1. Does R7 count as more than 20 Å from V105 (Cα to Cα), in a loop (DSSP other than H, G, I, E, B) and among the basic types (K, R)?
2. All but one of (1) open to solvent by 50 Å² or more (accessible area, probe 1.4 Å); (2) more than 25 Å from V194 (Cβ to Cβ) hold for E90; state the number of the condition that does not hold.
3. Look through the stretch 14-49, keep the residues that are more than 16 Å from M133 (Cα to Cα) and among the basic types (K, R), and return whichever of them is farthest from the chain's Cα centre (by Cα).
4. For the stretch 104-131, which residues satisfy the criterion of being polar (S, T, N, Q) and free of Cβ contacts under 8 Å to residues at least 40 places away in the same chain?
5. Just to verify a result, which residue in the stretch 162-203, among those that are part of a loop (DSSP other than H, G, I, E, B) and without any contact (Cβ under 8 Å) to a residue 40 or more places away in the chain, is most open to solvent (accessible area, probe 1.4 Å)?
6. Could you tell me whether G8 is touching an Asp or Glu at 6+ places or on another chain (Cβ under 6 Å), closer than 26 Å to G125 by Cβ, at pLDDT 95 or above and surrounded by 15 or more Cβ atoms within 10 Å (Cβ to Cβ)?
7. When residues of the stretch 24-73 are filtered for being touching a residue at least 12 places away in the same chain (Cβ under 8 Å), surrounded by fewer than 17 Cβ atoms within 10 Å (Cβ to Cβ) and of a type in the set (V, I, T), how many remain?
8. Within the stretch 129-140, can you find the residues that are surrounded by 14 or more Cβ atoms within 10 Å (Cβ to Cβ) and either under 13 Å from the mean Cα position of the chain (by Cα) or part of a helix (DSSP H, G or I) (or both)?
Amino acid sequence: MTKTAMRGALIVLEGCDRSGKTTQSSKLVEALNNLKIPAKKISFPDRSTPIGSIINDYLSKKIDLPDKSVHLLFSANRWELEPEIRKQIEAGVTLIVDRYSYSGVVFTSAKQSIDFEWCCGPENGLPKPDLVMFLKLPISDIIKRSGFGDERYENIEFQNKVDKNYEKFKTDNFIEVDAAQDISVLTKNLLEQVVKTIDSVKNQKLDKLVL
């Protein structure tokens, strides 16, 4: 990236399953492009990669794997896309990411006997998000949403543990957003945060993640 080039922002949407991340990620990319701001969406896990295909079989309950090896697969899936993430951002493209390292840590550490700090280790060194927006939705609302229960981690007890684990990530660039709002209102509120962040980081270096 040259000194005169303005980079894109790395924006992450996090939250429990069925909290609206995928819908809002797509709407944000559409809104940014309408504003003539280059933007693309990335989702994790990326099930189209070699590692992602194994993850897909695991999540859809076709195969079983030890918990720690699963965690490392999820992390490796993010590292698969690390060169492309940096390339896009340095080219001035803002990336809206549906789940990132935070999901990997909170989901694995919600299992029995898996240490939170151990889960953080493989994530360190990945590109650090400029903004993480945690979509907060009551579990009682989540379980009513279409498709809940289809995948391995979609049960009430586990989602409650995941929701509680997210509280450990409240930092300066990690904000909580009420996801129970009307979809269009939520998109508008998220977009304001995103546009503000894009402008504030455009001349800054993309940092490395340290959890």
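The values are calculated or read from the model by the stated rules, or taken from the named source; none is laboratory data. This one's a predicted model, so the numbers in the text were calculated from it and none came from an experiment. Cβ placement follows ideal geometry from the backbone for every residue including glycine, while neighbour counts extend to all protein chains displayed. Note: accessible area is taken over every heavy atom of the protein model, side chains too, but ligands, DNA and RNA are not part of it. Shrake-Rupley method; radii C 1.70, N 1.55, O 1.52, S 1.80 Å.
1. Criteria met by R7.
2. The single condition E90 does not satisfy is (2).
3. Only one residue fits best here, namely K36.
4. Q112, S113
5. D172
6. No; evaluated as a whole, the condition is false for this residue.
7. Looking only at that region, the number is 1.
8. Matches in the stretch 129-140: P129, D130, L131, V132, M133, F134, L135, I139.
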